Each structure stands twice: as C-alpha cells, then as structure tokens.
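Reviewing the structure listed below.
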Amino acid sequence: MTTKRSFTPIFWFLALLLVIFVSYPIVLTLTGSPLRVLGDTLLDSEVLGSILFTFSSSLIATVIGLATGIPLAYILARHDFPGKSLIEGLIDLPIVIPHSAAGIALLLALGRNSILGRGFGLLGIRFVSSAPGVVAAMLFVSVPFLVDTAREGFEAVDSHLENVARTLGSSQWRVFWKVSFPLARRSILSGLILMWSRGISEFGAVVILTYHPMIAPVLLYERFQSYGLDYALPVAGIVILISMLIFLVLRALNSVREGS
Amino acid sequence: MNRSSQLKLKDINLSVGGFSLVNVNLEIQGGEYFVLLGPTGAGKTVLLEAIAGIKPVTSGTIWLGAEDVTDRPPEARGVGFVYQDFALFPHLSVEKNISFGLLNRSTKAEPRQLARVERSGRTSSQNVRARVEQISSLFRISHLLDRKPEGLSGGEKQRVAMARALITDPQILLLDEPLSTLDPEIRELIQVELRRIHQELGTTTLHITHNFEVAAALADRIGVVMEGKIVQVGPPQEIFRQPVNESLARFVGVRNIFRGHHTIDREGGGHLQLDGLRLASISNLEGAARASIRPEDILLSRKSLVSSARNNFQGRVIQISDRGSFCYVTVRVTIPEQGGRSLDLIALVTQSSVQELGLELDQEIYAAFKASALHVF
C-alpha cells in the first residue's frame, strides 16, 4: 500500500529535478545581464546581423529540406523497395554522428577542390566561408528531423483514401495535394519547425565549413573565447530570448490552425 | 443518366503480397448486379483493386464497355469504388466528399461528362451543388452535407461513400464488403437501400462479400472465388442448389432460395407468391423479394399433418443425397394450375428418419415448414 501511495510523489520529485536542471541555467542566462546591457547588445549590429543570418540560413535550409525531404518522406511511407532500410539508416545518420565530424565530411565533399565544390564554383557558389556553406551544414544536420516527422504523417494517411481519390478522377499529383498533404500537414508543419530550430542551434558542422560570415552560435563562441563570459552572456541571453519568442509564436499558430 | 457498362476480365493473373489470382475470366453484363462471393483471404479485394487500376495485373486484359482499360491509370477508368472502411476524406465535409469527383478531375472528362460540361458552359459551382443535392436526396443524406465524416454512423458513412462514388456516373460500381462493418439491423436496411439504388440508377455493380446471405439477397448472378480461382458463376439459386464442389457446398451451406413477390393480406399475414404457389411468411415486406428456408426447418411426413406449420405441400422425392449421418432430400412440388411448373425444396433429415419414412426416389411425400422459418429479404 505504501508503495502505491508514494508512486506519484516520487515521480513528481524526479520530474521536477529535471525541469529545474533545464530551466535554471536558462533563467540565469536571461537574467544574468542588466536590461540596459541586453538592449545595447540587441542594437549591436554585429549581434543582430548574425542572428538574422542564422535564422534566414536555417530558413533556406528548411525550404530546401521541404522540396526534397517531403518527396523522400512520402516515398519511404508508401513504397517498399530493395535498399529501403539502407536509405532510412543513411538519412538518420546525421542525428547520431558528432556534428564536427559532419562538418569535416561536408568540407571533403563540398570543399574548393572537391568535384561538387568545383561544379558549384562554376556557378559562383562557394561552400567554404560563405552563406551557402552555412545552409549546407544546417541542411545536413537538421533534415532528418523533417523527413522522419513527415514520414510518420504520411504513414498515418490511409492509402485507401488515396486510392479512392484516384478512382474519382484525380491524378497522383492532385491526390497528393488534395488528400495526402492536407492530412499529413500537422506532422509536416512540426517537422518544419523542428528542422528550422535544429538548424538555428547548429554549431559544430557550421563552424568547420564556415567561420565567417558568423552565425549567432559562432559569434557567441568567439566573444566567449576572446573577451570572456561577461561579453558572451548578453549575446546568449538575446539568442535564447529571440528563439523562445519565435517558437512560442509558431506553436501558437500551429494550434490555432488545428483548432479551426 | 447512367452508362452502365459491361466488364470483361480475360485471363487475369496477378499476385500481390500473399495473394494470387490465376486465370480469372469473367463477364459482367451492363446493368447487372454481380456478387463475387468467397471466404476471407480468397483474393477478392485484390481483384477489385486490379479492376480499378490500383493494383497492376501480371497478365490478362480488362475490358470496360468497348475499351481495353488494362493499362489505364485509375483516374481514367471511370469506376466507382467503395471500400469496406468507406475511406471518407476526414478533412472534408460530407458535401466536399461527395463533390470531390466532380471538382478534382485531372483527366479529360469522359464523353458524357464532357457533354454535360459543354451544355452548361462549365462545371459551375451551382451545377456541382445541384448534382450534390440530387444524389444526396437519392441517398437521403441531404441533412448531413455540412457535417464532417467523423461523427457519422456506419450506415451514414456507407451512404456518403456510395454517393461520392456514384456522382461521377461511373461505368461500373465496385463495392468491397460494404456491409460487413455495419450492425446487423442496419445491414438489412442498407441491403434494401442498395437494391433500391441499383434499380433506380442501373449502374453495373460488382460487389464482393464473404457473406452468402448478402450475396443471395442482392445478386443477379454470383461468382464464387476460392483459392484464387473463380470456381462457379450463376444465379443465386444455382449456386446454393448445385455447388460445384464439396468445399463450396460447405461454404455456402445448402439452402432453399426463392425469388418472388411478397404481399400482405388484409389480416396482416405475409405471403410470398412464387408463380402459382403461395408461401406463408411473417415478414411485412411488400414487393419483389427473395426468401430462404434452411433445410433443417423442413419437416417431411408420409401423410398431410395438421400442425402449426402454415406451409404444407405435397410433392415427390426426386433426389436423396447421402452425407453420412444425415441426408439432403429434394422434394419436387408441382404446381397444379401452372401446368408442369414446379418448386424444389431441400430438406435435411437424419439417416434414421430416412429409414423410418422408407424414403425412396419418386415417392410421394409431404413437406411442411412454419411461416416463421421462411426468411424473406
């Protein structure tokens, strides 16, 4: 009887330990600098520029992920073919490998002397120390989150619905846009948000491919290395604050849409 | 308003997953209600999906009307499909579900539709709305148009799925066990409904089921699928009376199936009129009807009995088939006024009854059954 009674309190205790562990450092960081310093940091064009650069690079990576990851997710959800589990494993690999290693791999594949690097070079696109390098690194490490989530969404769509829509005169394209996509929309949307936020928080892969121009995490790292904690703290506070605000808004939008 | 077309399957072979169909040949007439009957797992659904173009065939040809549609994608075949789970689009209202086939055509409209579109200039929204209303009132679901599929009952979903399939005026309607998920009471209602709709629209229908009562109630002809093959095709009576093999006999069970006209007399008693013969029943249906009696419900006697059985006929034994501990005895009842027309009743009796009654071929015998044993549907 006593074990029964103590179950819930013990669970609460353990759960709260974790919540404190996660929230305490964040609260400290947010409150670590006086408001005036936070304001000054926000107006620091280098800081603001790097934040905008981070968010927009991740957004571009997410759009590329959308265009290629949705077809991949759909194919994985609907078709069986030889080598399917190999592709499934490969696409999830960026989640488990150290991101600095991912950066090295990308440098090898996209560097100045690589085949791809030279090919894109002809088009005027460089991946080393450039915005495209940031996008490539973000895409590499964050796209598995979109593919996995979207795939689950497509798997949840009964294939009978697609079959019926075909017999009603719709082509595969039309069935996708009118049936499969709307029904998987919730999963796709969360996948996009997940991917975007994962891209924004990326450091390891990006820093190896592209130190300059600086994304916010790199700038933060540089300030910490060159000037110490006092100078890094307000930047960290601003980055956390803006990220939190954006994702709160996105989540609210998502739930409002679901409600309607 | 319909273009009910003939369906012809020639040497169809296909295998999907664990199922395979071998050399299926089948012809379904335009306007016919054809039921494909077979145990679960006989590959019936796969065949239906192949006809719709959803699953490819390994070899063989599929003809719909005058055209070979074997290589056409589903959207260019003009078939209506109703799944067992109804597959209503959960994100669309009932109205949008029904109008889906009018608003989302990717292929060129088929000839009929083209004519209609040309006449009205375009498939205008009023035009679509009018056709949705028309088909909804046919299915008595007009009050549901604004609802989402989620909250509908099984019977309502079934009607919506049928309306959605039929609004495109398909050449053939394919029904995949459309009654099996419904409650028994609703099933009979929907069964009557299916027949009414079929009489009204006359769309060629291919309905698959594992339930022989459903098959007997609806089919013009039945095709029996067993182990990937069509083993017998014929009208219900024939399938039930002369199953081609033992396993089919066991599957359908031997029963007496009649087709006639059911009336109610002034006292409220029901009668099934079968060219000249009148069978008493307790049903309150009126109009064209079918009926069945289980062989074990028929009582055989050497003399006419005075009993509570309302149906009592004199006939002759024309067949005794021995099944071990029991026998099926076929009694032919000749209808006096109809000069030679007759009705065969199959009774199940034990071996000891056969001995005691001294049953033999051509013997005169009385067959009796209660009005309540006659199942009218």
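For chain A, what is the calculated [θ] at 222 nm in deg cm²/dmol (nearest 500), taking -39500 (n - 2.57) for each run of four or more DSSP H residues and dividing by its residue count?
Helix-only estimate at 222 nm: -27500 deg cm²/dmol.
Amide H to amide H under 5 Å from B:Met226: which residues, 5+ apart in sequence or cross-chain, H placed 1.01 Å off N in plane?
The answer is B:Val231.
Mean-square fluctuation check for chain A, GNM, Cα pairs under 10 Å: which of A:Leu233, A:Leu43, A:Leu76 is largest?
Sorting by GNM fluctuation, first place goes to A:Leu43.
Can you pull out the buried accessible area for chains A and B, both sides counted, probe 1.4 Å, rounded to the nearest 100 Å²?
1800 Å²
Averaging sequence separations of C-alpha pairs under 8 Å and six or more residues apart, then dividing by the length of the range A:1-139, give the relative contact order as a whole percent.
The value is 23 percent.
Using the heavy atoms of the protein chains and a 1.4 angstrom probe, tell me the accessible area per residue for the protein assembly as shown in square angstrom.
Counting only protein heavy atoms, the per-residue value for the protein assembly as shown is 50 Å².
Which of rounded, prolate or oblate describes the range B:287-333 when judged by the alpha-carbon gyration tensor and an a/c cut-off of 1.5?
oblate
Considering only the protein assembly as shown, what is the antiparallel percent among its DSSP beta bridges, to the nearest 5?
Rounded to the nearest five, the antiparallel share is 75 percent.
In Å³ and rounded to a whole number, note down the convex hull volume per residue for the Cα atoms of the range B:148-279.
160 Å³
Taking 1 over the mean of 1/r across every pair of different Cα atoms in the range A:60-147, what Kirkwood radius in Å do you get?
After inverting the pairwise mean of 1/r, the radius is 14.0 Å.
What does the average come to when, for each residue of peptide B:93-101, you count the partner chain Cβ atoms lying within 10 Å of its Cβ?
2
Filter the DSSP H helices in chain A by two things, a Kyte-Doolittle mean of at least -1.0 and an axial alpha-carbon span of 30 angstrom or more, and list the hits by number.
A:2-31, A:45-78, A:131-155, A:229-259
Tell me what chain B gives for mean residue ellipticity at 222 nm when only DSSP H runs of n ≥ 4 count, each as -39,500 (n - 2.57), the sum divided by the residue total, rounded to 500 deg cm²/dmol.
Estimated from H runs of four or more residues: -8000 deg cm²/dmol.
Who wins for biggest fluctuation among A:Val235, A:Val19, A:Val207 in a Gaussian network model of chain A, springs between alpha carbons below 10 Å?
A:Val19
Counting only Cα atoms, I'd like the Rg/Rh figure for the range B:126-179, Kirkwood definition for Rh.
0.96
Binning at 20 Å from 0, report for chain B what percent of all alpha-carbon pair distances ends up in each bin.
Distribution as computed: 26, 50, 22, 2 percent.
Which whole number in µm²/s is D for chain A by Stokes-Einstein, with the Kirkwood Rh taken over Cα pairs at 20 °C and 1.002 mPa s?
The Stokes-Einstein estimate is 102 µm²/s.
So who's got an amide H within less than 5 Å of the one on B:His262, skipping anything under 5 residues away but keeping other chains? H placed 1.01 Å off N, in plane.
B:Gln273, B:Gly287, B:Ala288, B:Ala289
Counting only protein heavy atoms and using a 1.4 Å probe, what share of the accessible area of the protein assembly as shown belongs to carbon plus sulfur, as a whole percent?
Whole-percent figure for carbon plus sulfur exposure: 59.
So how much accessible area does B:Arg105 have, in Å² to the nearest 10, using a 1.4 Å probe?
Looks like 50 Å² after rounding.
Measure nothing but the geometry: give the 0 to 90° angle between the long axis through the Cα atoms of B:125-138 and the longest principal axis through the Cα atoms of chain B, rounded to 10°.
Helix B:125-138 and the main axis of chain B meet at about 10 degrees.
Mind ranking B:Thr209, B:Thr263 by accessible surface for me, highest first, 1.4 Å probe?
Sorted by accessible area, descending: B:Thr263, B:Thr209.
With every protein chain left in place, what is the accessible area of B:Asp146 in Å² (1.4 Å probe, nearest 10)?
Rounded to the nearest 10, the figure is 140 Å².
What is the gain in length, in nm to one decimal, between B:Val244 and B:Ser342 on full extension, counting 0.36 nm per residue of separation less the C-alpha to C-alpha distance?
33.0 nm
Can you tell me how the range A:106-260 classifies by the Cα gyration tensor, rounded, prolate or oblate, using a/c under 1.5 as the rounded cut?
oblate
For peptide B:78-87, compute the average count of partner chain beta-carbon atoms within 10 Å of each residue's beta-carbon.
For peptide B:78-87, the averaged partner shielding equals 4.
Which value, in Å² rounded to 10, gives the accessible area of B:His375 with a 1.4 Å probe and all protein chains present?
My reading of the accessible area for B:His375 is about 70 Å².
Once all Cα-Cα distances of the range B:237-363 are split into 5 Å bins that start at 0, what whole-number percent is in each one?
It works out to 2, 10, 18, 22, 20, 15, 9, 4, 1, 0, in whole percents.
Within the range B:214-278, which GluC sites (Glu not before Pro) sit in a loop by DSSP and count at most 11 neighbouring Cβ atoms inside 10 Å?
B:Glu267
Averaged across the residues of A:169-177, what count of C-beta atoms belonging to other chains lies within 10 Å of each residue's C-beta?
Mean partner-chain Cβ count within 10 Å for A:169-177: 6.
If I stretch the segment between B:His91 and B:Ser307 completely, what's the gain in nm (0.36 nm per residue apart, minus their alpha carbon distance), one decimal?
Length gained between B:His91 and B:Ser307: 71.7 nm.
Just the ratio, please: alpha-carbon radius of gyration of the protein assembly as shown over 2.2 N^0.38 Å, N its number of residues.
Taking the Cα Rg and dividing by 2.2 N^0.38 Å, one obtains 1.39.
Could you sort A:Trp173, A:Trp12, B:Trp63 by accessible area so the largest value comes first, with the probe set to 1.4 Å?
These residues rank, largest area first, as A:Trp173, A:Trp12, B:Trp63.
On a 0 to 90° scale, report how tilted helix B:94-103 is relative to the longest principal axis of chain B, with both axes built from alpha carbons and the result rounded to the nearest 10.
The answer is roughly 70 degrees.
The values are calculated or read from the model by the stated rules, or taken from the named source; none is laboratory data. Here the structure is a predicted model, which is why all the values come from computation and not from measurement. Heads up, the Cβs are rebuilt from the backbone with ideal geometry, glycines too, and the neighbour counts pull from every protein chain shown. SASA here: full protein model, heavy atoms, side chains in, ligands and nucleic acids out. Shrake-Rupley method; radii C 1.70, N 1.55, O 1.52, S 1.80 Å.
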